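Chemist: Could you have a look at this structure, given as structure tokens, before my questions?
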Amino acid sequence: MRRHLPSGTVTFLFTDVEGSTKLLHALGAAEYAKALAEHRRILREAFGAHGGVEVDTQGDAFFVAFATAPDALRAAAAAQNGLAPGPIRVRMGLHTGTPHLTEEGYVGVDVHRAARIAASGHGGQVLVSASTAALVTLDELRDLGEHRLKDLSAPERIFQFGADQFPPLTTLHQTNLPIAATPFMGRQKELTDILGLLSRDDVHLLTLSGPGGTGKTRLALQAAAELSSRYSHGVWWVPLASLRDPDLVLATAGQAIGARNGVAGHIADRSMLVLFDNFEQVVEAAGEVAGLLAACPHLDVLVTSREALHISGEQEYPVPPLVPDEGIDLFVARARAVKPGFAADEAVSEICRGLDQLPLAIELAAARVKALSSAQILARLGQRLPLLTGGARDLPERQRTLRAAIEWSHDLLAPHEQRLFARLAVFSGGCTLETAEKVADADLDRLQSLVEKSLLRHRDDRFWMLETIREYAAERLEASGTGDELRRRHAERFLALSEEAEPHLRRDSAEWADRLEREHDNLRAALDWGEATGESELVLRLAGAASRFWYLKSHLTEGQRRLESALRADRKQTAARAKALNGAAVMALNMGDIAMARLRAEDALALHRSLGDAWGAAYATMMISNAIGEGGDVAKALPILKESVRLFGEVGDELYVLIASANLAWVTGEIGDLKAERALHEENLRRARALGNRRIEAGSLAQLALFARDEGQLQDATTMLREAIRIEHILGNVLDVAVDLGRLASVLALAGREGKAAELLSSSEALMEKVGASVPFWAARRNKETLATIRTQLDEAAAAEASARGRALTVDEAVSIALDAAEMSATETTGQRLASTK
């Protein structure tokens, strides 16, 4: 039936008409029908002339296969040229892969990939995947960078054929939705239902309910991805599976969406979707969600939970099992992942039916085809399920079936695999191979065996369990009698990791901050265990060591709570307490509690001095001056800050001399001594380059650029800011990039490049929102003046258009625009000066 379709390496081309409903109303039914018919004729003629084979046509969309990528691209170009005079605009997407060809047609992720690429474009636009671009002449293509598609797969580098300008692609650019381990399959009815419910004006809270293993999370993630273009401020995933403290729900949400000063205040009237995943562990926080919805009129919330939240306005959607065909398709897909030649038979249908069509149970069974035939799997399930589903009568029937499937899979493990399976339950949020070896006595072969049996997952460098499976593993750990020993080993391991990380975090190591971010759930579990068992010294040491991490990653609320709890529980005058006091001062200062920050810093200073810790005393002194300065008494802060610079110099810490000196420069400028401020920045730049510290080098360049700007040296200012932005981008510091985009905008506005200035100013503010930063008062003052300059040069419509473009930019795109801006005239502008020197 399908023997005429190309096989092997195939290039797929998908098309779709843009704005068909709007066009129908504009042209009328008769004229639209004529235009649509002409569009089909043009496409078929172009595709046929270049060897394209029409695979499928649905409505006004085409799916065509080509034996070569150049033929596909030439066909797309010919089709767009033919359509140009008419009213219909078509988006096209090309992707090359090696799909599986069956009697029914093509099967595989490449088909979905091509469709997703086409769907992300605009009418008249031809988009090309990296695999297709590698097979054609690159001179014809424009690199649009990496984009996340709505199938939640890894980022795809996308190219555009031709030089025409189009709006940004409708991809996932404002989201933290995780990359899916497997393609989304089936569930079309449920997906349509969910999208429909969230489209209703009266539904702002939708809870997908059902027992573990029904696929709630994967369904919710896919729905969120499909809805991404509807929410101008993004769709955000808040994973709660490893959380047990209801008080941390909003703090966790704040981290996910980039809120610095409260989730409700950050969202405000923004259009946003937040997905709370696995809410059943923290259902007591339901009231917090209700309050969030009440405060944020354009917020929608999607929840996955084994039970409803039972709050006003909630719409519940019980997630049903898969329909029979979907269950079979899932089994076959997962089976082929471990045994490529697997073919379905009647036993597969019986297996899925016996497992109540539960996705997780089907995956566990399918993972066994490498060792068992489908008939053998069916026979073994038939022996296990009737017995086990008769017990645990307090569980729903489907939950008992799932438990039976997990237990069946567990019982097939060798004894040494069963022991490791139970021990891995001690980890919260997964673990690395090294940590599994040290805490759980794991080895790679046994871990790999558990992965192959679908009891353990692996992504990047981490092993982790689905929460439903981890719960069962935890029961086995308790039954083994080794739970207490494993939890102590776990806590001691993560204390050691935190103390190993501490000196690196003191140097602001992004690598170590990211490493602890990946282990944050394990740090929480270790702290929880220490608090519950009265191990107050361990808790204080761990909290103090982790305090810089909490600051660098903006976990301020949690950091403050953990540190204050640890300080109350252990009042011994130790080095650990002094360290925790410094950390508590940092948290309080950044959360706006100036009095508490000063109190904690003063206590820290006294204790560090009594212990003879000169570095800790220098740091506490700097924090005291920061608290005084933030409180408004800049003149009083100045001599104390100078003292901290001297103390850091005495202990030989050049980095913190630079950090304290940067603060000193700011205070000096705030009291009006601009000459001294400039001299400090110049000295800091010299020292930073001598030390090889690129972060402080960039910061000093950015500050000095504004002095050049105010003197009319706009070319010099631009050069310094471009270098600062380039360094910060390499270092991955999005917040510093965002601040300096605003600084560059102020220079470009004075140079008469108002369009670029408006775009970069808007991008600066949007990126700061994205990372959860509030605009500092000195930056807000400068941005206001920049905007006033722009408005004297651009009309309202043009300014709004440039602003919209800027807000849609990714950090990579914004940096590219900043670095690629045309060279300014050598004639320096000496006109308008801005008052700000920050």
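The values are calculated or read from the model by the stated rules, or taken from the named source; none is laboratory data. What you are looking at is a predicted structure, and each value in this text was computed from that prediction instead of being measured. For neighbour counting, all protein chains shown are included, and Cβ atoms are generated from backbone atoms with ideal geometry for every residue, glycine included. The area values use the complete protein model at the heavy-atom level, side chains included, leaving out ligands, DNA and RNA. Shrake-Rupley method; radii C 1.70, N 1.55, O 1.52, S 1.80 Å.
Chemist: Would a scan of segment 250-272 turn up a residue that is over 29 Å from PRO168 (Cα atoms) and not in a helix (DSSP H, G or I)?
Modeler: Taking segment 250-272 first, the residues over 29 Å from PRO168 (Cα atoms) are 250-252, 261-262.
Still in the running and not in a helix (DSSP H, G or I): 261-262.
Yes, that holds for at least one residue.
Chemist: Check VAL651, VAL739 and return the single one that is open to solvent by less than 50 Å² (accessible area, probe 1.4 Å), closer than 22 Å to MET622 by Cβ and among the β-branched types (Val, Ile, Thr).
Modeler: Values: VAL651 fails: open to solvent by less than 50 Å² (accessible area, probe 1.4 Å).
Answer to the check: VAL739.
Chemist: Suppose we keep only residues that are part of a strand (DSSP E or B) and open to solvent by 20 Å² or more (accessible area, probe 1.4 Å) within segment 462-483. Which one would you say is nearest to LEU358 (Cα to Cα)?
Modeler: First, the residues of segment 462-483 that are part of a strand (DSSP E or B): 462-464.
From what is left, the residues that are open to solvent by 20 Å² or more (accessible area, probe 1.4 Å) are 462, 464.
Numbers: ARG462: 26, TRP464: 21 Å.
This residue is TRP464.
Chemist: Take the residues in segment 234-244 that are out of contact with any Gly (no Cβ under 7 Å at 6 or more places or on another chain) and open to solvent by less than 40 Å² (accessible area, probe 1.4 Å), then tell me which one is nearest to ARG561 (Cα to Cα). Full working, then the answer.
Modeler: Restricting attention to segment 234-244, the residues satisfying the condition of being out of contact with any Gly (no Cβ under 7 Å at 6 or more places or on another chain) are 234-241, 243-244.
Still in the list and also open to solvent by less than 40 Å² (accessible area, probe 1.4 Å): 234-236, 238, 240-241, 243.
Numbers: GLY234: 29, VAL235: 28, TRP236: 25, VAL238: 20, LEU240: 19, ALA241: 21, LEU243: 15 Å.
Within segment 234-244, the match that is nearest to ARG561 (Cα to Cα) is LEU243.
Chemist: Cβ-Cβ under 7 Å, sequence separation 6+ or interchain: first residue in segment 513-524 and more than 16 Å from TRP464 (Cα to Cα), partner open to solvent by 10 Å² or more (accessible area, probe 1.4 Å) and in a helix (DSSP H, G or I). Which pairs?
Modeler: ALA513/LEU552
Chemist: Something else: Being over 24 Å from the mean Cα position of the chain (by Cα) and buried (at least 21 other Cβ atoms within 10 Å of the Cβ) narrows it down to one of GLY196, GLY162, GLY186, GLY210, so name that one. Let's see the steps before the verdict.
Modeler: Values: GLY196 fails: buried (at least 21 other Cβ atoms within 10 Å of the Cβ); GLY162 fails: buried (at least 21 other Cβ atoms within 10 Å of the Cβ); GLY186 fails: buried (at least 21 other Cβ atoms within 10 Å of the Cβ).
Sole residue among the options that is over 24 Å from the mean Cα position of the chain (by Cα) and buried (at least 21 other Cβ atoms within 10 Å of the Cβ): GLY210.
Chemist: Check whether at least one residue in segment 311-325 is over 18 Å from ASP247 (Cα atoms), among the acidic types (Asp, Glu) and part of a helix (DSSP H, G or I), and report yes or no. So that I can check it myself, show each step before the final result.
Modeler: Taking segment 311-325 first, the residues over 18 Å from ASP247 (Cα atoms) are 312-325.
If we keep only those that are among the acidic types (Asp, Glu) too, we end up with 314, 316, 325.
Now restrict to residues that are part of a helix (DSSP H, G or I): 325.
There is at least one residue in segment 311-325 that is over 18 Å from ASP247 (Cα atoms), among the acidic types (Asp, Glu) and part of a helix (DSSP H, G or I).
Chemist: Do we find that VAL136 is more than 21 Å from GLU226 (Cβ to Cβ), crowded, with 21+ Cβ neighbours inside 10 Å, under 26 Å from the mean Cα position of the chain (by Cα) and touching a residue at least 24 places away in the same chain (Cβ under 8 Å) in this structure?
Modeler: Numbers: more than 21 Å from GLU226 (Cβ to Cβ): yes; crowded, with 21+ Cβ neighbours inside 10 Å: yes; under 26 Å from the mean Cα position of the chain (by Cα): no; touching a residue at least 24 places away in the same chain (Cβ under 8 Å): yes.
No.
Chemist: Continuing with the same structure: Would you check if GLY59 is on the phi > 0 side of the Ramachandran plot and not polar (S, T, N, Q)? Let's see the steps before the verdict.
Modeler: Values: on the phi > 0 side of the Ramachandran plot: yes; not polar (S, T, N, Q): yes.
Yes: the conditions hold for GLY59.
Chemist: So, one more: Which condition number does GLY121 fail, the rest of (1) within 29 Å of the chain's Cα centre (by Cα); (2) farther than 30 Å from ALA335 by Cβ; (3) surrounded by fewer than 24 Cβ atoms within 10 Å (Cβ to Cβ); (4) without any contact (Cβ under 8 Å) to a residue 60 or more places away in the chain being met?
Modeler: (3)
Chemist: Residue check, ARG116 against (1) within 11 Å of SER129 (Cα to Cα); (2) open to solvent by less than 20 Å² (accessible area, probe 1.4 Å), all met but one. Which one?
Modeler: ARG116 satisfies all of (1) within 11 Å of SER129 (Cα to Cα); (2) open to solvent by less than 20 Å² (accessible area, probe 1.4 Å) except (2).
Chemist: OK, next. ALA76 - would you say it is open to solvent by less than 60 Å² (accessible area, probe 1.4 Å) and not acidic (Asp, Glu)? Steps first, answer last, please.
Modeler: Numbers: open to solvent by less than 60 Å² (accessible area, probe 1.4 Å): yes; not acidic (Asp, Glu): yes.
So ALA76 passes the test.
Chemist: Would you confirm whether or not segment 523-531 contains a residue that is farther than 15 Å from GLY429 by Cβ and either β-branched (Val, Ile, Thr) or surrounded by fewer than 22 Cβ atoms within 10 Å (Cβ to Cβ) (or both)? Spell out how you get there, then give the answer.
Modeler: Filtering segment 523-531 down to residues farther than 15 Å from GLY429 by Cβ leaves 530-531.
Checking which are either β-branched (Val, Ile, Thr) or surrounded by fewer than 22 Cβ atoms within 10 Å (Cβ to Cβ) (or both) leaves us with 531.
Yes.
Chemist: Looking at (1) over 29 Å from GLY559 (Cα atoms); (2) open to solvent by less than 10 Å² (accessible area, probe 1.4 Å), which one does MET272 not meet, given that it meets all the others?
Modeler: The one condition MET272 does not meet is (1).
Chemist: Any idea how many residues of segment 598-613 are part of a helix (DSSP H, G or I) and either touching a residue at least 60 places away in the same chain (Cβ under 8 Å) or within 12 Å of ALA575 (Cα to Cα) (or both)? Break it down into steps so the answer makes sense when it comes.
Modeler: First, pick out the residues of segment 598-613 that are part of a helix (DSSP H, G or I): 598-611.
Next cut, either touching a residue at least 60 places away in the same chain (Cβ under 8 Å) or within 12 Å of ALA575 (Cα to Cα) (or both) only: 604-611.
Of the residues in that region, 8 qualify.
Chemist: Of everything in segment 79-110 that's open to solvent by 20 Å² or more (accessible area, probe 1.4 Å) and in a helix (DSSP H, G or I), which residue is modelled with the lowest pLDDT?
Modeler: Top of the filtered list is VAL109.
Chemist: Let me ask something additional. Just checking, how many residues over segment 28-60 are touching a residue at least 40 places away in the same chain (Cβ under 8 Å) and either of a type in the set (A, V, I, L, M, F, W, C) or open to solvent by 20 Å² or more (accessible area, probe 1.4 Å) (or both)? Reasoning before the result, please.
Modeler: Narrowing segment 28-60 to residues touching a residue at least 40 places away in the same chain (Cβ under 8 Å): 35-36, 38-39, 42-43, 53, 55-56, 60.
Adding the requirement that they be either of a type in the set (A, V, I, L, M, F, W, C) or open to solvent by 20 Å² or more (accessible area, probe 1.4 Å) (or both) leaves 35-36, 38, 42-43, 53, 55-56, 60.
Adding up the residues that qualify gives 9.
Chemist: Quick one: is ALA773 in a helix (DSSP H, G or I), at pLDDT below 90 and either open to solvent by less than 60 Å² (accessible area, probe 1.4 Å) or within 28 Å of THR252 (Cβ to Cβ) (or both)? Write out each step before concluding.
Modeler: On the way: in a helix (DSSP H, G or I): no; at pLDDT below 90: yes; either open to solvent by less than 60 Å² (accessible area, probe 1.4 Å) or within 28 Å of THR252 (Cβ to Cβ) (or both): yes.
Judged against the criteria, ALA773 is not a match.
Chemist: Which is open to solvent by 40 Å² or more (accessible area, probe 1.4 Å) and at pLDDT 95 or above, of ARG562, ARG541, ARG548? Even if it seems obvious, please write down each step before you answer.
Modeler: Details: ARG562 fails: open to solvent by 40 Å² or more (accessible area, probe 1.4 Å); ARG548 fails: at pLDDT 95 or above.
The unique qualifying residue is ARG541.
Chemist: Here is a further query. Please verify whether ALA620 is in contact (Cβ under 8 Å) with a residue 12 or more places away in the chain and either open to solvent by 10 Å² or more (accessible area, probe 1.4 Å) or more than 22 Å from GLU502 (Cα to Cα) (or both), treating the condition exactly as stated.
Modeler: Working: in contact (Cβ under 8 Å) with a residue 12 or more places away in the chain: yes; either open to solvent by 10 Å² or more (accessible area, probe 1.4 Å) or more than 22 Å from GLU502 (Cα to Cα) (or both): no.
No: the conditions fail for ALA620.
Chemist: Name the single residue that is farthest from the chain's Cα centre (by Cα) among those in segment 444-461 being outside any helix (DSSP H, G or I) and touching a residue at least 12 places away in the same chain (Cβ under 8 Å). Full working, then the answer.
Modeler: Taking segment 444-461 first, the residues outside any helix (DSSP H, G or I) are 453-461.
Right, trim to touching a residue at least 12 places away in the same chain (Cβ under 8 Å) and you get 453-457, 459, 461.
Numbers: LYS453: 29, SER454: 25, LEU455: 25, LEU456: 23, ARG457: 19, ARG459: 15, ASP461: 17 Å.
The selected residue is LYS453.
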